[in-house]
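The structure under discussion appears below in the form of structure tokens.
The values are calculated or read from the model by the stated rules, or taken from the named source; none is laboratory data. Remember, predicted model here, so these are calculated numbers, not experimental data. Note that each Cβ is placed from the backbone with ideal geometry, even for glycine, and that neighbours are counted across all protein chains shown.
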Amino acid sequence: MESMHFSKLLNEHQIQINMTSTSLSEICEELIENFYRQFELPMSKQDMCFFINKRLKENNMIIINDICFCHIRFENYDDLLIGIGIPAKVINIENQDVRIVFFVVTGYSHNSLYLHLLQTIAKISKNDQLREKLIHAKNAKDFIATISASDFSLSKSLDVGDLMCKNVFFVNQDSSLRELGNLFYEKNYGYCPVTDDNDNVIGEVTVLDLILAGFPEYTKYFETMNFLHSFEPLERLLNVESTLRVKDIMKKLECKLKPRDAIIESIFLMNRYKRRDIPVVENNKIIGIISFMDIFRKIIRG
Amino acid sequence: MLQLQEIIALSVFVLCFILFTNSKLNSVLVALCGGFSMIVFHIISQEKAFSEYVDWNVIFLLIGMMLMIGVIKTTGLFEYIALRTAKIAKGEPVRILIMLFLTTAFLSAFLDNVTTVIIITPISILIAVELGISPLPFVISQAIGSNIGGTATLIGDPPNLMIGSAAHLSFLDFVYNLTPVIIIEVLVGALFFYIFFRKRLVVQNWRKAKILEFDEKQQITDKGLMIFSIVILVLFVVFLFFQDYFKIHAATVAIACALILMIRNRKNIHTEEFFKNEIEWDSIFFFIGLFILVGGVDQAGIIDKISNWLIALTNGNIRATSVIFVWGFGIASGIINNIPFVATMIPLLNKMSIALGAQNVLPLWWSLALGSCLGGNGTLIGASANIISAGISKKSGFPISFWTFTKYGMIITIINLAISSVYVYFRYF
């Protein structure tokens with residue numbers, strides 16, 4: 001799964017529990033103090049404090065359900081720092097209670113990560129039970145452990161489910177080769193998963209497999225077949241089309257993906273097995289197909 | 001009384017042989033487990049097993065030949081020969097059958113039997129399909145031909161390889177002692193196949209014309225390499241002929257030729273992939289396991305005992321023993337893989353050579369070679385070549401039942417063994 005768990009971004013030195021501060025600005029200043037103990041930032045500490053205080057005065061922050069979120073973004077800053085403060089006593093700002101403060105310092109190059117971070121914090125704010133647990137965390141480690149235990153993934157990029165082609169066709173194992181051929185012809189696509197009567201995926205078949213039905217086993221031992229100009233068995237394919245079933249020529253699934261699998265895994269499999277299409281399967285049902293053209297179109301030229 | 005070591009060694013050995021007869025078990029694993037059990041139970045030390053009992057001359061001769069074939073087969077030489085044969089026979093099925101039988105026997109004298117049938121069987125199935133007749137006569141006769149032809153030379157069949165290496169018999173010795181009788185066996189075999197199948201193989205003229213349409217020259221993918229390969233093959237055989245004169249072992253000749261071919265074709269060879277694909281590691285490890293297994297029995301002193309017992313039993317009558325060997329190993333090889341038998345017989349015959357004199361025991365080596373190689377034709381499962389070619393045939397939609405094969409195989413084998421026993425009975429005494 002190509003996603004990063006929120007807890008992996010947290011740093012216990014940047015989490016302050018039971019803060020005695022009584023105002024948001026004091027909390028922010030303390031968190032800034034923490035940042036400067038551990039990191040180098042593109043602005044002096046004083047400037048940063050001045051900057052954040054100005055923002056707070058302008059009410060340039062977000063408060064939802066006891067959680068306050070404030071941030072500073074720099075040009076040309078390549079990192080993302082999260083400071084967290086939990087005041088011992090509830091702070092009231094314009095009739096809104098603040099019990100956890102998230103303070104994020106980042107650059108403009110981490111847009112998607114930043115947006116996912118915002119989503120995650122929003123999710124935390126909506127989860128009353130989790131929020132209570134976090135507020136009453138015994139220490140920084142406990143806080144991180146609580147986040148770890150819940151499912152907060154920062155999806156960094158798209159997964160297989162986002163890119164796959166959902167409009168798939170498949171064929172029953174008992175269909176005749178003629179039906180399969182018609183399907184390939186009609187859909188103008190050379191790959192097709194094979195299913196049983198309950199629509200469970202049991203195999204796959206390509207146009208080449210269909211053509212090879214007229215190409216018997218013994219031909220596979222030749223180095224080349226150039227000595228033949230015409231080949232009777234190939235012509236005979238037309239006759240066996242209605243007698244042979246898909247299950248006679250299908251292959252077992254060489255590989256498959258789940259919708260939550262990472263795109264990188266799909267590329268890895270395509271390269272390893274030198275194939276164009278990979279079925280996306282969930283609970284034995286085919287829910288999509290991802291091909292390298294999907295990846296090329298939607299990511300490389302997306 | 002048997003000592004503990006002897007009991008263990010004998011039990012492992014007998015168990016392995018019983019397991020070898022079960023075709024569902026992987027015989028390579030059986031051989032390796034048996035062999036390494038001998039080391040684990042301290043019946044034989046690892047040093048001794050590796051240095052004295054594993055016959056590296058056999059192993060590297062096998063590897064060298066596999067590598068040579070790996071290069072040569074890419075040139076299309078063998079397919080060219082087979083297709084050319086069919087055209088020379090003018091598409092006449094009986095003629096094709098006999099000529100391909102002879103070609104297979106000839107190729108098999110220089111190539112491994114299995115390699116030969118893997119090359120020839122698919123081509124003959126294709127020819128039969130084009131002719132609109134059943135490929136079974138072709139497949140069966142070629143498997144049998146490869147087993148007979150392989151007996152002719154030192155390098156034709158693994159039992160010969162092992163015997164030659166262990167008894168210090170040269171390529172020339174094999175040519176002198178086995179090739180004449182095998183030529184007779186092959187010709188008689190051809191006659192019988194003619195009688196068996198001549199009435200069944202009737203085809204229309206237009207189908208024969210299709211065979212003449214074959215453009216076999218197209219199979220030659222690299223003419224330069226093909227000519228080079230033929231030169232190296234000839235040199236290989238020439239060197240084997242004079243191996244005593246050059247004081248050089250067969251394995252070295254094979255590896256040297258393989259290396260020359262690989263260097264010539266280096267642009268198309270990635271050694272890692274080439275070694276993986278062309279060397280049949282399964283067979284190599286089977287041999288290694290078997291050599292150690294037999295080494296264990298020998299170290300435990302059992303071979304000595306059997307040897308003494310055998311000498312007493314035969315009363316030193318080598319003439320009668322050699323005929324018994326031909327039939328005994330002939331029949332046994334039809335039932336299970338002949339290689340374990342031969343591996344066991346090698347130290348035994350070596351012990352008898354010491355007791356009775358190497359020259360006196362010589363006929364027994366030839367009887368062992370004839371019996372174990374020719375006996376493989378007795379049943380469908382008697383030789384790897386039979387199993388492999390029947391497998392190719394089955395996958396191509398033409399299954400061969402055990403009895404269909406065995407019917408013909410049995411007749412040919414009985415004739416072969418009869419000729420062989422007459423031969424050893426009169427030639428050496």
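When the residues of the range A:282-300 are filtered to those that are assigned to a strand (DSSP E or B) and among the β-branched types (Val, Ile, Thr), which remaining residue is surrounded by the fewest Cβ atoms within 10 Å (Cβ to Cβ)?
Step by step, filter the range A:282-300, then rank; the result is A:ILE287.
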Worksheet item: Out of B:THR121, B:THR104, which single residue is at pLDDT 90 or above, surrounded by 24 or more Cβ atoms within 10 Å (Cβ to Cβ), more than 14 Å from chain A (Cβ to nearest Cβ) and closer than 25 Å to B:MET68 by Cα?
Response: B:THR104
Item to complete: Specify which of the listed residues (A:ILE86, A:ILE32, A:ILE82, A:ILE62) is in contact (Cβ under 8 Å) with a residue 12 or more places away in the chain, assigned by TED's automatic domain parsing to the domain that holds A:GLU132 and touching a Phe, Trp or Tyr at 6+ places or on another chain (Cβ under 7 Å).
Response: A:ILE82
Fill in: Residue match in the range A:99-121 (condition: over 29 Å from the mean Cα position of the chain (by Cα) and at pLDDT 85 or above)
yes
Practice prompt. Count, please, the residues in the range B:47-95 that happen to be touching a Lys or Arg at 6+ places or on another chain (Cβ under 9 Å), more than 14 Å from every other protein chain (Cβ to nearest Cβ) and assigned to a helix (DSSP H, G or I).
Written response: 3
Practice prompt. Determine which member of the set B:VAL175, B:VAL188 is within 19 Å of the chain's Cα centre (by Cα), surrounded by fewer than 24 Cβ atoms within 10 Å (Cβ to Cβ) and in contact (Cβ under 8 Å) with a residue 12 or more places away in the chain.
Written response: B:VAL175
Worksheet entry | Restricting the range B:220-253 to residues that are in contact with a Ser or Thr (Cβ under 6 Å, 6 or more places away or on another chain) and assigned to a helix (DSSP H, G or I), the residue that is nearest to B:LEU126 (Cα to Cα) | B:MET226
Worksheet entry | Cβ-Cβ under 8 Å pairs, at least 6 apart or on other chains, the range B:403-429 side assigned to a loop (DSSP other than H, G, I, E, B), far side modelled with pLDDT of 95 or more | B:TYR428/B:TRP366
Worksheet item: Does A:GLU235 qualify as being among the charged types (D, E, K, R) and within 14 Å of chain B (Cβ to nearest Cβ)?
Response: yes
Practice prompt. For A:GLY203, indicate whether it is crowded, with 19+ Cβ neighbours inside 10 Å, small (Gly, Ala, Ser) and away from chain B (no Cβ under 12 Å).
Written response: yes
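Tell me yes or no: at least one residue of the range B:366-389 is within 14 Å of chain A (Cβ to nearest Cβ), small (Gly, Ala, Ser) and assigned to a helix (DSSP H, G or I).
Yes.
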Response to the item:
Of the listed residues (B:SER134, B:SER141), the one being within 14 Å of chain A (Cβ to nearest Cβ) and closer than 26 Å to B:GLU213 by Cβ is B:SER134
Worksheet item: Within the range A:249-259, can one find any residue that is under 30 Å from B:ASP222 (Cα atoms) and within 14 Å of another protein chain (Cβ to nearest Cβ)?
Response: no
Worksheet entry | Set B:ALA250, B:ALA209: member being more than 25 Å from B:ILE118 (Cβ to Cβ) and either surrounded by fewer than 19 Cβ atoms within 10 Å (Cβ to Cβ) or away from chain A (no Cβ under 14 Å) (or both) | B:ALA209
Practice prompt. Give A:SER242, A:SER150, A:SER176 a once-over and let me know the one that is of a type in the set (Gly, Ala, Ser), under 22 Å from the mean Cα position of the chain (by Cα) and away from every other protein chain (no Cβ under 14 Å).
Written response: A:SER150
Discussion item. So, A:LYS220, is that one assigned to a helix (DSSP H, G or I), among the charged types (D, E, K, R) and within 14 Å of chain B (Cβ to nearest Cβ) or not?
Written reply: yes
